[in-house]
Each structure stands twice: as structure tokens, then as C-alpha cells.
1. State yes or no: is Phe165 without any contact (Cβ under 8 Å) to a residue 60 or more places away in the chain and either within 15 Å of the chain's Cα centre (by Cα) or over 20 Å from Ala65 (Cβ atoms) (or both)?
2. From the set of residues in segment 151-162 that are under 15 Å from the mean Cα position of the chain (by Cα) and among the hydrophobic types (A, V, I, L, M, F, W, C), which is nearest to Ile138 (Cα to Cα)?
3. Among the residues of segment 83-123, which ones are aromatic (Phe, Trp, Tyr) and open to solvent by less than 10 Å² (accessible area, probe 1.4 Å)?
4. Whether any residue in segment 70-78 is assigned to a loop (DSSP other than H, G, I, E, B) and closer than 30 Å to Gly157 by Cα is what I want to check.
5. Output the residues belonging to segment 24-47 that are within 21 Å of Val95 (Cβ to Cβ) and either touching a residue at least 60 places away in the same chain (Cβ under 8 Å) or surrounded by fewer than 17 Cβ atoms within 10 Å (Cβ to Cβ) (or both).
6. Could you check segment 8-30 and list, in sequence order, the residues that are modelled with pLDDT of 95 or more and under 15 Å from Leu76 (Cα atoms)?
7. If we keep just the residues of segment 124-142 that are free of Cβ contacts under 8 Å to residues at least 24 places away in the same chain and either open to solvent by less than 50 Å² (accessible area, probe 1.4 Å) or of a type outside the set (Val, Ile, Thr) (or both), which is farthest from Glu28 (Cα to Cα)?
Amino acid sequence: MLRLQPETPADIDAIEAIHRAAFPDPHEAELARALRRADRAVVSIVARLDGAPVGHVMLSPVELAGVCAADGGLALSPLAVAPAFQGRGIGRWLVVESMAAARRLDARFVVLVGEPGYYGRLGFEPARTYGLANQYGIIDTFMVRPLRSGALPPEGGLIRYAPEFDELGARGDFQ
């Protein structure tokens, strides 16, 4: 049975192993560790299948020019499912639960960098549709999901990720 639960300290090694197995380099695992260490992981959810961790998602604050971080949005990243469990909808459930958590935190919007076909089915839209950009110059895979009416200023703006994203952002490949 699949259960989605908040991360506990006992999950940290398993979360790192999931990210390392799901990606060809260690950057996502390092990002999760860095966000946790900087106390920026405002949401961290583990997917457990029959009690064993098989997936993970994290949300951290972003700033939108002119909107304070506490009243702004969140970044969905990193997200990973262990390779042996991919294709079963676990990633989708992690995204759905993270959006519910973002709403409980009264976030205005959630941004991510990811495959538009996949995330479009989960309610995300190209960020450029809203006039949004990011400090890394990522365009085609930069997406947003407003969580309430008027969540985004009509003039758009620049989204600034936490400094822990800098290495991945400069390469344009965080998810």
C-alpha cells in the first residue's frame, strides 16, 4: 500500500539513495541535503510502498520580485521516484500531495523546472505565459501553478530561487 508521509530524520539516507538512483549525477541528492541544512525545506514528503521509502518531493521558498518570500511561492524540487517504482503514478501522487501542502501553507504559487507534457497534466503551465522568468534563464521547462486567484502580478516578474539551487540552475537541469 502506498502512503505519503512527512519526512522524518530516519528517512534522510533513504531519500538520498532514491535521488542518487533516479538521476545520473548526485546534484538532486545534494540539493535536498542543502535545502534541509539551510532550513528551507518547508515541505518534504516521502512515498512509502509497504513501509519502504520509494519516492520523495520537497518544496522550498522562492521570491517573486516585489512579493516577500513569506507571502510568495514555492519551488517544487527535487522530486524523485526510485527507478524500480517509476511508471506507477507515485511521482504524480507526490506532486498532488505537495500541492495540497502548499495550499495549507497559503502559498500563492508553485514553480518548477520539468517536462511540460508531464507537469502540464498536473496543472502547471509555462511560466512565460504569466510573464515570469528566473535567474537562470531557463525558459521552455520553467513552469508555474497559481494556487489562488490573483496569485501572480499581471506584469509578471523574476522568480529567485534559494541559493542552494545555484549549481543546478546554472546547468539548467534541476527538477
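The values are calculated or read from the model by the stated rules, or taken from the named source; none is laboratory data. Since we're looking at a predicted model, the values are computed, not measured. Cβ sites come from the backbone with ideal geometry, for glycine too, and all protein chains shown count toward neighbours. These accessible areas exclude ligands, DNA and RNA; they are computed on the full protein's heavy atoms, side chains included. Shrake-Rupley method; radii C 1.70, N 1.55, O 1.52, S 1.80 Å.
1. Spelling it out, it is not the case that Phe165 is without any contact (Cβ under 8 Å) to a residue 60 or more places away in the chain and either within 15 Å of the chain's Cα centre (by Cα) or over 20 Å from Ala65 (Cβ atoms) (or both).
2. Once the filter is applied, the top-ranked residue is Ile159.
3. Phe109
4. Checking segment 70-78: at least one residue is assigned to a loop (DSSP other than H, G, I, E, B) and closer than 30 Å to Gly157 by Cα.
5. Once the filter is applied, which keeps residues that are within 21 Å of Val95 (Cβ to Cβ) and either touching a residue at least 60 places away in the same chain (Cβ under 8 Å) or surrounded by fewer than 17 Cβ atoms within 10 Å (Cβ to Cβ) (or both), segment 24-47 yields His27, Glu28, Leu31, Leu35, Arg40, Val42, Val43.
6. His19
7. Arg128
Let's see how each residue does on (1) polar (S, T, N, Q); (2) outside any strand (DSSP E or B); (3) modelled with pLDDT of 95 or more:
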{"site": "Asp39", "(1), (2), (3)": "no, yes, yes"}
{"site": "Ile45", "(1), (2), (3)": "no, no, yes"}
{"site": "Arg48", "(1), (2), (3)": "no, no, yes"}
{"site": "Val54", "(1), (2), (3)": "no, no, yes"}
{"site": "Ser60", "(1), (2), (3)": "yes, no, yes"}
